[in-house]
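Down below is the structure, laid out as structure tokens.
The values are calculated or read from the model by the stated rules, or taken from the named source; none is laboratory data. These numbers come from a predicted model, not from an experiment. For neighbour counting, all protein chains shown are included, and Cβ atoms are generated from backbone atoms with ideal geometry for every residue, glycine included. These accessible areas exclude ligands, DNA and RNA; they are computed on the full protein's heavy atoms, side chains included. Shrake-Rupley method; radii C 1.70, N 1.55, O 1.52, S 1.80 Å.
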Amino acid sequence: MRHLDIELTRGDITAQPDVDAIVNAANAELRTGGGVAGAIHRAAGPGLEEECRPLAPIRPGEAVITGAHDLPNRYVIHCLGPVYGRDEPADALLAGCYRNALRLADEAELGSVAFPAISTGVFGYPVEEAARVALRTVREVAGALQSVDMVRFVLFSEDDLRVHREVLERLEAGDEDE
Ligand code: AR6
């Protein structure tokens, strides 16, 4: 099986100039907002909302790809995560975000993608549960990817980074039989 590098780092999703695509934790309307979506739209400039308009609305679990405008990347992939406690089944919808984003990146023949922790902010998904779904899904999809060989998780807080490290270690050790 091809090797996929999974990197975990603390930082800002808009400051990852060495990756081909960054992923937006979007809203259904693909408009600017708070958190990741606000930061991405601010950094990309108004052209991003314009390009997004005909692609909206999207449903939980879906992903669409656009240009990156003033961001230092080639593309932005917009995912709508589930609102925790409302959009069910939450784990399958969240997994769909990662699966669909990676499929779009692979179809565009990209090498690297950076994800934020989708749904763990405004949408209220507990970070450890979300990390398990995210990391497990990326590892599952890895074997089917032709072009993507690096996935980076960009975590906003030291705590979120630690949780992701612990979950990844457990998955790599085969301790998580989910
Ligand atoms: N870089 C990396 N991670 C970040 C950044 C950043 N610049 N800013 C926040 N985070 P959220 P969601 C973390 O709320 O839960 C928006 O208003 C944040 O700490 O951005 O999917 C949209 O318009 C959290 O861990 O996304 C939607 O309406 C994670 O990124 C809604 O929020 C995701 O937080 C989407 O909610």
| request: Tell me, please, whether a residue that is open to solvent by 20 Å² or more (accessible area, probe 1.4 Å), assigned to a loop (DSSP other than H, G, I, E, B) and charged (D, E, K, R) can be found in segment 78-86. | output: yes
| task | Inspect segment 128-150 for any residue being farther than 24 Å from Pro17 by Cα, among the acidic types (Asp, Glu), away from the ligand (no atom under 14 Å from the Cβ) and open to solvent by 20 Å² or more (accessible area, probe 1.4 Å) and give the result as yes or no. | result | yes
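Among the residues of segment 91-122, write down those that are farther than 17 Å from Val141 by Cβ and out of contact with any Phe, Trp or Tyr (no Cβ under 6 Å at 6 or more places or on another chain).
Scanning segment 91-122 gives Pro116, Ala117, Thr120, Gly121, Val122.
Looking at segment 1-16, which of the residues that are in a loop (DSSP other than H, G, I, E, B) and away from the ligand (no atom under 14 Å from the Cβ) is farthest from Leu102 (Cα to Cα)?
Of segment 1-16, the ones in a loop (DSSP other than H, G, I, E, B) are 1-4, 11-16.
Adding the requirement that they be away from the ligand (no atom under 14 Å from the Cβ) leaves 1-4.
On the way: Met1: 17, Arg2: 15, His3: 15, Leu4: 12 Å.
So the residue we want is Met1.
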| request: Just need a number here: residues in segment 25-44 that are in a helix (DSSP H, G or I) and either of a type in the set (Val, Ile, Thr) or more than 8 Å from the ligand (Cβ to nearest atom) (or both). | output: 6
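Rundown of residues vs (1) part of a helix (DSSP H, G or I); (2) in contact (Cβ under 8 Å) with a residue 24 or more places away in the chain; (3) within 15 Å of the ligand (Cβ to nearest atom); (4) within 20 Å of His164 (Cβ to Cβ), yes/no style:
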position: Ile65; (1), (2), (3), (4): no, yes, no, no
position: Pro72; (1), (2), (3), (4): no, yes, yes, no
position: Val76; (1), (2), (3), (4): no, yes, yes, no
position: Glu88; (1), (2), (3), (4): no, no, no, no
position: Gly96; (1), (2), (3), (4): yes, yes, yes, yes
position: Val113; (1), (2), (3), (4): no, yes, yes, yes
position: Gly121; (1), (2), (3), (4): no, yes, yes, yes
| task | Could you grab me the full set of residues in segment 98-111 that are open to solvent by 20 Å² or more (accessible area, probe 1.4 Å) and assigned to a helix (DSSP H, G or I)? | result | Arg99, Asn100, Arg103, Leu104, Asp106, Glu107
